[in-house]
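Here the structure is laid out as structure tokens; the discussion comes afterwards.
The values are calculated or read from the model by the stated rules, or taken from the named source; none is laboratory data. These numbers were taken from a predicted model, which means no experiment stands behind them. FYI the Cβ positions are ideal-geometry reconstructions off the backbone, even for glycines, and counts take in every protein chain you see.
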């Protein structure tokens, strides 16, 4: 019975409970369904705050751990092993925050098959949180792969005109990487005799380096596609553009972070020597992604596509920070994961709001919107500035810390990577301001745009929590860094030990 | 005949006698409903006796049969499949106008052949079992006569079945020539004493492998499968896809793992190539299918490849038991998923072979959400996406392969399951993302089967430990 009230169990499985409850509501009662889903996700958010209250930020180790035997027969050693530490807690909170916001954003946007939508959405939340709390590779893989199914259905049923193509591409692309990771998981499970992540981390440095590199690459196949790292990003524009708004928010806000989190939780600590060896390469691909994503964003006419490609660029920063393999870089990387979730999530919400009104996302169809929709314009301006890293807003803190970390990183070995990444910051300003200008400035010359209604109360409510956090992190990031710092320091210390052992 | 002899074949005897009795009753009473119920009772009673044989480890008739946990496990799968087949068939046969009592009798005879296969420990008994299980299936495949497809299916199955039977007999003859015995324990002893003619034995073993490869539909011996699966009545196909396959693998595992591990040097490369080919061809050709029965036929070929993959490392004594239990677990997970999928096919199928195109599934997601959800679960399970039985099955299977050191084959296995994701997901796409006005047959037993298998697919994947435990205790007796 104790387990049922355990904060992590509650946070993870409460949405599942909500989706089961939805099964018993008649599909015609759309509003009831929406309210049940919203309340479920809000309660989940409250549970996640309770989890935060119990979390001891000074403790670098796994907390609120549950480690129960699950499949311990026939030579298997699979446990139901979950827990939270400084690396994962912010991402769990991000997930539980973005889910109710997304559900609220669908209030009028999703009108067909509301019941199915909400069921899949809540299932997706359980899957995503499961990914962040799993400390057993088998359990992790179950959650990881499971998230594909509801997201695939969300894109495929409620998406845009090319939704089926986008959904299948999303599924196959991500599964291609995952199954290679599955083989590596099996190899580890057989050779090391355990699927427990902490145990594998403890014994990781003992694996010969060339095998570590193979395992690193197999795991990286799954994570790099998810992030997505250049050149494995081609599923992302399709999936993002075709997905319904709420799907895009979750996809960009949380699911991409599952990839970067994977690198942080598994690749770097489990195969430390390989991580150190491959860090310059990862940094190279990250920087190419930053510049490529920015350049392609600039070329887009579709606002949603622009935002989608900007994710490639922003996630490049996260990867660069993580593979700096020093405390600043990794802390910046984690914070930037959260920042990207907030800013890009907010951007997708804003794009969704205008799409709902005009049913187009072509930038040429707009112009001068500020006059028609001042509140909308002001909110978009703040979010745009946050996304391009204006000091005082959240994006700046993350990117600056990452650049600082990667500039002095021994693992990457050259300050040039940080130098080129800094160009990406400038490019981000270019394409984002270009977008803002196209939408909001200039004459309000299109008849359809003159009659647009400004945001209603519900839409403003969806934005408020994101804006608060954008300012909070921008002005006073200390509590956020404090949550992750001990865990990051522990990770970096373990890396250094592994490196020195390998040298002798 | 001693008591042990009698005990070892007791469930089999019960089933065969019961089948004869039901045949007579059916002829004189002409009441199909009664026949259905009696058959179900017979299967349940036999199932009870089979379960009671667990852990007994009997041998009978001078080592010609052996009842170990391996056999018990498989017998339970066979009898369970029989019960599920009845629940699918009884309404289906009526609907298609082919409700004849022989169906149930033939089903019981076929199951008894499968049970004999599971306990066989002598090559002659294997052949006997092969024929006993196949001949009723030939008739069942043609059961929807005078529909041409069904007659063609029966004929084709019979011809190729007889052909493959020839391979088995010839292989047995050569093995006998090489070792002077047909008894598996005798063969193992001869090899151990270095009194066997190894080249001749290898050729014989390879021929036996070929013969059973026909039965389990391994590429390049799969040609009959799509036509037979397509032409046979769906309830028969559902049963055949599990029963015949499981029986074929039972024979392969018993003969190769228990009696001929010493030949692994020669046989393993053959199995490697067969498994790889089967997974590649089965999955790629399935992509091109627009008829659900043909698609499931190719999918069953592909799954035979996955199971065969477990046998690649059969010669390594440390891995062999893991391989066998992985294959057994996979058979069970495939059986559950497969029956579920066929139950949905039967629900959508109309008379005259209508309602079998993939396009006929359009709009099911909206109109029949429960049925669509079940089908989606089965498709995801076939693909191997967690949390489904298919995923757990593949997980254990790939473990056996990686444990044996065949990483290349494992990579082929996962890449082909990626291909399979494409055509399994297409069913989901059509059900949920296309509009249509499907008509679906709703009948209590059919719905019950669908619901039961769908729930089992999810729940057993989360609580797979007891089944895995059971499968891992289902070890072959060694000779």
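Name every residue in segment B:94-153 that is assigned to a loop (DSSP other than H, G, I, E, B) and on the phi < 0 side of the Ramachandran plot, in order of residue number. Give the derivation first.
To start, the set of residues in segment B:94-153 that are assigned to a loop (DSSP other than H, G, I, E, B) comprises B:96-101, B:121, B:142-147.
Selection gives B:96, B:98, B:99, B:100, B:101, B:121, B:142, B:143, B:144, B:145, B:146, B:147.
In segment A:149-163, which residue that is within 7 Å of chain B (Cβ to nearest Cβ) and either modelled with pLDDT of 90 or more or out of contact with any helix residue (DSSP H, G or I) (no Cβ under 8 Å at 6 or more places or on another chain) (or both) is surrounded by the most Cβ atoms within 10 Å (Cβ to Cβ)?
Top of the filtered list is A:153.
Check every one of the helices (runs of 4 or more DSSP H) wholly within segment A:393-480 and list those with 2 or more residues that are within 20 Å of residue A:341 (Cβ to Cβ) and within 24 Å of the chain's Cα centre (by Cα).
A:394-407, A:416-440, A:457-475
Those residues that are facing chain A (nearest Cβ under 8 Å) and either in contact (Cβ under 8 Å) with a residue 24 or more places away in the chain or within 23 Å of residue B:296 (Cα to Cα) (or both), I need them from segment B:397-410; list them, please. Before you say what the answer is, go through the steps one by one.
First, pick out the residues of segment B:397-410 that are facing chain A (nearest Cβ under 8 Å): B:398-399, B:402-403, B:407, B:410.
B:398, B:399, B:403, B:410, listed by residue number.
State whether one or more residues within segment B:454-463 are away from every other protein chain (no Cβ under 13 Å), out of contact with any strand residue (DSSP E or B) (no Cβ under 6 Å at 6 or more places or on another chain), buried (at least 23 other Cβ atoms within 10 Å of the Cβ) and closer than 25 Å to residue A:180 by Cα.
yes
Name the single residue, out of those in segment B:413-425 being surrounded by fewer than 20 Cβ atoms within 10 Å (Cβ to Cβ) and more than 7 Å from chain A (Cβ to nearest Cβ), that is farthest from residue B:298 (Cα to Cα).
Among residues in segment B:413-425 that are surrounded by fewer than 20 Cβ atoms within 10 Å (Cβ to Cβ) and more than 7 Å from chain A (Cβ to nearest Cβ), the one farthest from residue B:298 (Cα to Cα) is B:415.
Identify, by number, the condition in (1) over 24 Å from the mean Cα position of the chain (by Cα); (2) modelled with pLDDT under 90; (3) at the interface with chain A (Cβ under 9 Å from one of its Cβ atoms) that residue B:440 doesn't meet.
(3) is the only condition that residue B:440 fails.
Considering each of B:388, B:337, B:278 in turn, give the residue that is within 13 Å of another protein chain (Cβ to nearest Cβ), touching a residue at least 24 places away in the same chain (Cβ under 8 Å) and in contact with a helix residue (DSSP H, G or I) (Cβ under 6 Å, 6 or more places away or on another chain). Quick ask: steps written out before the conclusion?
On the way: B:337 fails: within 13 Å of another protein chain (Cβ to nearest Cβ); B:278 fails: within 13 Å of another protein chain (Cβ to nearest Cβ).
Just one listed residue meets the conditions, B:388.
Taking segment B:457-479, which residues are within 19 Å of the chain's Cα centre (by Cα) and closer than 15 Å to residue B:336 by Cβ?
B:457, B:467, B:468, B:470, B:471
For segment B:351-371, how many residues meet the condition of being surrounded by 24 or more Cβ atoms within 10 Å (Cβ to Cβ) and either closer than 30 Å to residue A:182 by Cα or within 9 Å of chain A (Cβ to nearest Cβ) (or both)? Full working, then the answer.
Filtering segment B:351-371 for residues surrounded by 24 or more Cβ atoms within 10 Å (Cβ to Cβ) gives B:361, B:364-365, B:371.
Subset that is either closer than 30 Å to residue A:182 by Cα or within 9 Å of chain A (Cβ to nearest Cβ) (or both): B:365.
Count: 1.
Residues that are assigned to a loop (DSSP other than H, G, I, E, B), under 19 Å from residue B:413 (Cα atoms) and out of contact with any strand residue (DSSP E or B) (no Cβ under 9 Å at 6 or more places or on another chain): does segment B:314-321 have at least one?
Yes, because at least one residue in segment B:314-321 is assigned to a loop (DSSP other than H, G, I, E, B), under 19 Å from residue B:413 (Cα atoms) and out of contact with any strand residue (DSSP E or B) (no Cβ under 9 Å at 6 or more places or on another chain).
Determine whether residue A:251 is part of a helix (DSSP H, G or I), modelled with pLDDT of 90 or more and out of contact with any strand residue (DSSP E or B) (no Cβ under 8 Å at 6 or more places or on another chain). Before the answer, list the steps.
On the way: part of a helix (DSSP H, G or I): yes; modelled with pLDDT of 90 or more: yes; out of contact with any strand residue (DSSP E or B) (no Cβ under 8 Å at 6 or more places or on another chain): yes.
Spelling it out, residue A:251 is indeed part of a helix (DSSP H, G or I), modelled with pLDDT of 90 or more and out of contact with any strand residue (DSSP E or B) (no Cβ under 8 Å at 6 or more places or on another chain).
So is residue A:198 part of a loop (DSSP other than H, G, I, E, B) and either surrounded by fewer than 24 Cβ atoms within 10 Å (Cβ to Cβ) or at positive phi (or both) or not?
Values: part of a loop (DSSP other than H, G, I, E, B): no; either surrounded by fewer than 24 Cβ atoms within 10 Å (Cβ to Cβ) or at positive phi (or both): yes.
No, not satisfied.
Any chance segment A:90-101 includes a residue that's surrounded by 23 or more Cβ atoms within 10 Å (Cβ to Cβ), assigned to a helix (DSSP H, G or I) and at the interface with chain B (Cβ under 10 Å from one of its Cβ atoms)?
no
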